[in-house]
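Right, one structure below, let's go through it.
The values are calculated or read from the model by the stated rules, or taken from the named source; none is laboratory data. Computed from a predicted model, the values in this text were never measured in an experiment. In this analysis, Cβ positions are derived from the backbone assuming ideal geometry, glycine residues included, and neighbour counts consider all displayed protein chains. We work out accessible area using only protein heavy atoms, side chains counted, and drop any ligands, DNA or RNA first. Shrake-Rupley method; radii C 1.70, N 1.55, O 1.52, S 1.80 Å.
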Amino acid sequence: MLGFLKNPVVVTAEINMNLVALTVMGLISRLWGLSYPRAVVFDEVYYGQFVSLYMKRIFFVDDSGPPLGHMLLALGGYLGGFDGNFIWNRIGAEYSMNVPVWSLRLLPALAGALCVPLAYQILVELQFSHCAALGAALLILLENSLITQSRFMLLESVLIFFILLAVLSYLKFYNSQKHSSFSGSWWFWLLLTGVACSCAVGVKYMGLFTYMLLLAIAGLHFWHMIGDQSFSNVSLVCHFLARGLALIIIPVAVYLSFFYVHLTLLYRSGPHDQIMTSAFQASLEGGLARITQGQPLEVAYGSQITLRNVLGKPVQCWLHSHTNTYPIRYENGRGSSHQQQVTCYPFKDVNNWWIVKDPGMQQLVVSNPPRPVRHGHIVQLVHGITTRYLNTHDVAAPLSPHSQEVSCYIDYNISMPAQNLWRVEIVNRESDTDVWKTILSEVRFVHVNTSAVLKASDLFVFHFQLSGASLPEWGYRQLEVVGEKLSKGYHQSMVWNVEEHRYGKSQEQKEREVELHSPTQMDISKNLSFMAKFTELQWKILTLKNEDTEHKYSSSALDWITMDTNIAYWLHPTSGAQIHLLGNVVTWASANVAALVYTCLSLWYLIRRRRKIYDIPEDAWQLWVSAGGICVGGWAVNYLPFFLMEKTLFLYHYLPALTFQILLIPIVLQHLGNHLCRSLLLKSMFSALIVAWFSSVYLIYCTFSPLTYGEPSLSVTELKDLRWKDSWNILIRKQ
């Protein structure tokens, strides 16, 4: 029974020492002296703010991309015990002792280090020699710009890691299909491709470029499968469904999970709340939630409400009125109604309160039981403090003469009767009998007499871009509200939602004023679902635009190819030690030459093949094309879109494209050695040239390593010697 114990248990394993050595060298090059400098380096000042907010569980919105990258940086802070207490306000500021610098920089450095063995494996899976694969890995290892970018709390190295992982996973999946479809390893690599693509997109939207490339390649491969008669119809359907599941459905689910974790972690109110809807704000702990907790859900006749404009940018504001009237004549000579001013006020104030009144009744309190207001009902809006009715008429607005003035009606006993009836239209209703709800309902107010829509003025929309967008001194610089005539389209500036709400109980004005100053408490929850919060947050990320300003180190996409630009990341406060984002000149030039050679050779081969002349074997041609699809395609999709982008660009945006271009160098070299160097003498000379060229790559790496690692400190003469181009901004202190 125990006979199996007579023989020893033997485990055998194959270890690729190339991979082990490359991984160790990658770790050394990225992790060595990682805590130096112990100061804020370039965009650490930007990402560090979000890490602190994660540590404190405070909600934020970053328009630069999805949350995975920020969460990974925050994970480093969490592992290091960071409490989030540091003011990220200046590049070069010394870190306090509570900031775990090594831990915060660890994950980007690990990602950058693992890119080295990934590059090796990608070329092996592309069926190139181990020598070519080793060359690609060493080029990634010795690329100064990739080292610099991976040694700080930045996201490009993490993005490149997931991009390379996705490419490698797809190649392994594709190669395993030749031997065993639907096996365990086949499923593993296919699923990992989708997950890695989702992670790349989750770090930065630039990852979408490589994701689209891999989808296109997968589609092309499947198209070839359709023409293969060895696959049955059922088998093809199974392959199609498997790819759809792994490359589309699962990546979407994983992408959603990033936001789920993000929103679960950030449950507290914070400085970015104001750009979100009232419903979203009320779902966060603190802030608006403290005010709106327990409010009545259904708006009824007699409800006391505040109305917030849904647009919420550039600032949030509430429908507001006060006792002051419009001037009889404006500065340009136009006349006004001289009625009570109605504005959009960007602060909470007792004058923001309005009472929803039934036009057929005089009472301003909620009946028992309450009579809810529904879509299509006609209401009057009574200003809570002044008890005047919201009104509009055919008088030009003060700043927008093409629109109607909105006011609170004062009876001057002249031939201008009140026009104060408004139809409630619930924009996001599910049916035409929907009840108007606090926070959740987005509402338009359509004037019954003129069909004008209550709207925050177009000038308000561009408040920060135009001078004179707010009302003059007589309007206390508050924001204009108008009646938009003949409005056929939908714009958020026309939509309002109830933010604060109570059921009015006091009919007397003095008692009502006291009531308007008092909080209300009733137990009705208004929590948003995850999908509602995700949809809103995703839309804000995609549409929120910070004003792009010219930066000292910004550059154009054309500058990147020839590396005519650099970025000074850090300068020692007293010595000449400094860190720059600057690439290995030989590698960058070689990558450009490799891309040019590949393009020219491919065109030559295509023309010759059209003439039925085959210069290289068919398997070599297929290998050449597939390698170009990955490397040249990866370079193109990660570079060319920047020519269409209207945003501030920096040299580090080029690094994903550069990585693919570097992988192309050994591919072109192996092809030239195998197919163009026919004689033994030519092969020997070509090998000697490669050794000399690679020695120059290493020499340049060593030469610029003081600017990559920030040490040792260089003298003024040494710094001037490293300024190989006039366009490089090497920082030299005045003596």
Under a Cβ-Cβ limit of 4.7 Å, which cysteines in the chain have nobody to pair with?
C115, C131, C197, C199, C238, C408, C600, C631, C677, C702
Among K178/K204; K56/K540; K540/K647; K348/K505; K647/K720; K357/K455, which pairs are too far apart, with a Cα-Cα distance over 24 Å?
K178/K204; K647/K720
Carbon-plus-sulfur fraction of the accessible area of the chain, 1.4 Å probe, in percent?
62 percent
Could you do me a favour and compute the accessible area per residue for the range 33-128, 1.4 Å probe, result in Å²?
34 Å²
Can you compute the FRET efficiency between A216 and W728 using 1/(1 + (r/R0)^6), with r the Cβ-Cβ distance and R0 = 30 Å? Round to the nearest 0.05.
0.20
Tell me, what is the percent relative contact order of the range 296-519, built from C-alpha pairs under 8 Å that lie six or more residues apart?
27 percent
Applied in sequence order to the range 329-346, the curve 6.51 cos²θ - 1.76 cosθ + 1.60 (Karplus, θ = phi - 60°) yields integer Hz couplings, x standing for Gly and Pro, of 9, 7, 4, 8, x, 6, x, 10, 7, 6, 7, 5, 5, 10, 9, 10, 10, x
To the nearest 0.05, what FRET efficiency results for L672 and T562 with a Förster distance of 25 Å applied to their C-beta separation?
0.60
Span-rule helices in the chain, defined as complete DSSP H runs reaching 20 Å or more along the axis (Cα) with Kyte mean at least 1.0:
17-31, 101-125, 156-177, 184-203, 207-226, 250-265, 655-675, 680-709
Which of the following values of Cα extents along the principal axes in Å was calculated from the structure shown: (1) 102, 83, 52; (2) 90, 58, 54; (3) 108, 77, 69?
(3)
Taking amide H atoms as placed 1.01 Å from N in the peptide plane, list the residues 5 or more away in sequence, or in a different chain, whose amide H sits under 5 Å from that of A93.
V40
Over the range 657-735, with neighbouring protein chains present, the accessible area per residue in Å² at probe 1.4 Å is 54 Å²
Measuring from label point to label point, each 7 Å out along Cα→Cβ, what is the S257 to E511 span in nm?
5.8 nm
Name the residues whose placed amide hydrogens come within less than 5 Å of the amide hydrogen of V373, ignoring near sequence neighbours (fewer than 5 apart) on the same chain.
V299, A300, Y301, W436
Estimated FRET transfer efficiency (S129, A13; beta-carbon r; R0 35 Å; 0.05):
0.90
Solvent exposure of the range 296-519 as accessible area per residue, Å², 1.4 Å probe:
43 Å²
If amide H atoms are built 1.01 Å from N in the plane of the peptide, which residues on other chains or at least 5 residues away come under 5 Å of the amide H of V395?
E405
